[in-house]
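These notes concern the structure reproduced below.
The values are calculated or read from the model by the stated rules, or taken from the named source; none is laboratory data. Here the structure is a predicted model, which is why all the values come from computation and not from measurement. Positions of Cβ are generated from backbone atoms using ideal geometry, with glycine treated the same way; all protein chains shown enter the neighbour counts. Accessible surface is based on the protein model in full, side chains and every heavy atom, while ligands, DNA and RNA are left aside. Shrake-Rupley method; radii C 1.70, N 1.55, O 1.52, S 1.80 Å.
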Amino acid sequence: MKHDQESLCRSIMSDPPTVLKPADSVSVALQTMVRERLPALPVVDTDGRYVGIVPVTRLLAGLGQPASGLSWPFSPSPHR
């Protein structure tokens, strides 16, 4: 599906959105990013309010892994 610069975010976002909770583990975050092919995920509290964002580069850095040469399948998935 092609979109131009005037497309609205709601026309290309996932519904429901893929999010993390503050109590989710690094493992859950990485697995979700790989499964959903997303390079970052928003973190929401129990009321669904945005509290932050976790990029895969920060997760890898926290694990002592270099993010350079990252070749994970972070291109848009076919179901989006």
Might you check whether a residue that is in a loop (DSSP other than H, G, I, E, B) and modelled with pLDDT of 90 or more occurs anywhere in the range 56-74?
no
State which residue is modelled with the lowest pLDDT when the search covers only the range 1-37 and only residues that are among the polar types (S, T, N, Q) and not in a helix (DSSP H, G or I).
Gln5
Does any residue in the range 50-64 that is within 12 Å of Ser27 (Cα to Cα) and open to solvent by less than 30 Å² (accessible area, probe 1.4 Å) come within less than 8 Å, Cβ to Cβ, of a residue that is of a type outside the set (Ser, Thr, Tyr) and assigned to a helix (DSSP H, G or I) six or more places away or on a different chain, and which pairs are these?
Val56/Leu30; Val56/Met33; Leu59/Val26; Leu59/Ala29; Leu59/Leu30; Leu59/Met33
Members of the range 1-26 that are out of contact with any Lys or Arg (no Cβ under 8 Å at 6 or more places or on another chain), surrounded by 10 or more Cβ atoms within 10 Å (Cβ to Cβ) and either closer than 30 Å to Pro66 by Cα or in contact (Cβ under 8 Å) with a residue 24 or more places away in the chain (or both)
Met13, Pro17, Thr18, Val19, Leu20, Lys21, Pro22, Asp24, Val26
Scanning the range 1-36 for residues that are more than 21 Å from Gly62 (Cα to Cα) and of a type in the set (Val, Ile, Thr), the one nearest to the chain's Cα centre (by Cα) turns out to be Thr18
